[in-house]
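One structure is given here, and the rest of the page talks about it.
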Amino acid sequence: MKKMLSLLIIFVILIGFIGCGEKTVGKTVEKKPLKIAITVWAPFAHAFIAQDKGIFRKNNVDVELIFKKSSPETLDLFVNGEVDGIFHSFGTIILFRSKGAEAKVVYVTNYSVSGDAIVGQPNLNSLSELDGKTVSVEEFNSFSHFFVQNALLKAGVEEGKVKFKNVPADAVVKALDEKQVDAGHVWDPEVSRATKKGYKVLAEAGDQPGIVTDVLFFSKKALDERSAEIQGVVKSLIEARNYVDNNREESIKLMAPKMEMTVEEVVSGLEGSHLIDLHENLEIMTETATPTAGKPSLFYTATKMVDFYLKHGQLSQAPDVRDFMEAKFIKELINK
């Protein structure tokens, strides 16, 4: 009798294990893809290579890339919790954190050299001539405003000597055409479109190395709950970047329609930025007081941006800039 009872107990326990296994499998099947917002910018485009070439799938992560033509649209998706991560300018994360939206950088895509520029009317020859004129930025108190303000100060144009106007980058050429602005911040493909129409490049991001650095960051919720998948995303992006390097012509032809850009615009965008590889990712996220050997430091850039936001009332106190970055995913890949 005791033997029969023991067998019955074992049978019940096994059934329980099987039931649990089915539920676990069910949860795996039902798990939603990681949603990442992405906008028009050539250095982000290798994410589509990771998707189309099955690199995400190979690394056991399901990713849905949500493409929007304008940068503010992708920001709205992230702020509203409709996506888990977003490709965007590094400066954006500081404002998010100031509003209580916790997020961290996990991967650095590039820093802009000639891909971001201030373009002006044909009669202008330098930034110093913008004194008393109207200059557009993507959004007030944004990374765009920070970039333009720094460029003007470097040229000797004091804050308050120009009138800033909020104009999305993809609308700046139209604003120049209609004489609504004298100059404005744009990035490729808009830089190419502006110069083709005769507008002049008055300053480039490369004049201030690292001031426009682009990254992928995820929400705290995603980082807490889906860390293994985020590791797969970072690994896939590094592999996709390497694929583009080794298969450039094919990759550009694949990326262009995904970004709603021409092949020439993608080429210009890639050439206008320094794309960050695996080891450079760790270097740029390592705490240093100042950029070294012409290479930017996210800590240095973050400190400068925090000062800007404090001055403009966007921050009430200086945050710890170390909280903006999570380098563990990059470190794990290097250690392997």
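Over the chain, dividing the summed -39,500 (n - 2.57) contributions of all DSSP H runs of at least 4 residues by the number of residues returns a 222 nm mean residue ellipticity of -14000 deg cm²/dmol. Taking Cα centre as origin and charging only the Cβ of basic (Lys, Arg, +1) and acidic (Asp, Glu, -1) residues, the dipole magnitude of the chain rounds to 1120 debye. By the beta-carbon count within 10 Å of each Cβ, the least crowded to most crowded order of Y107, Y243, fewest first, is Y243, Y107. Along the axis of the charge dipole computed for the chain (Cβ charges of +1 for Lys and Arg, -1 for Asp and Glu, origin at the Cα centre), the listed residues A117, V306, V105 are led at the positive end by V105. Take 318-325, 206-213 and order them by the average number of nearby Cβ atoms within 10 Å per residue, most first; the result is 206-213, 318-325. Under 15 Å from a label point set 7 Å out along the Cα-to-Cβ vector of D307, the amide N atoms of the stretch 159-182 belong to 159.
The residues neighbouring P168, those whose beta-carbon lies less than 9 Å from its own, together hold a net charge of -3 under the Lys/Arg +1, Asp/Glu -1 convention.
Extension gain, E250 to I66: 0.36 nm times the residue separation minus the Cα-Cα distance gives 64.0 nm.
Put simply, when 177-185, 61-69 are sorted by average Cβ atoms within 10 angstrom per residue, most first, you get 177-185, 61-69.
Here the simple spin-label model places points 7 Å from the Cα toward Cβ, and for H279 and D131 these points are separated by 4.7 nm.
Between E225 and T195, the simple spin-label model (points 7 angstrom out along Cα→Cβ) gives 4.5 nm. Taken about its Cα centre, the stretch 127-178 carries a charge dipole of about 100 debye when Lys and Arg each add +1 at the Cβ and Asp and Glu each add -1 at the Cβ.
Read-outs: derived from the displayed coordinates by stated rules, not from any lab. Small disclaimer: the values here were computed from a predicted structure and weren't measured. Don't worry about glycine lacking a Cβ; one is built from the backbone with ideal geometry, like all the others, and counts go over all protein chains shown.
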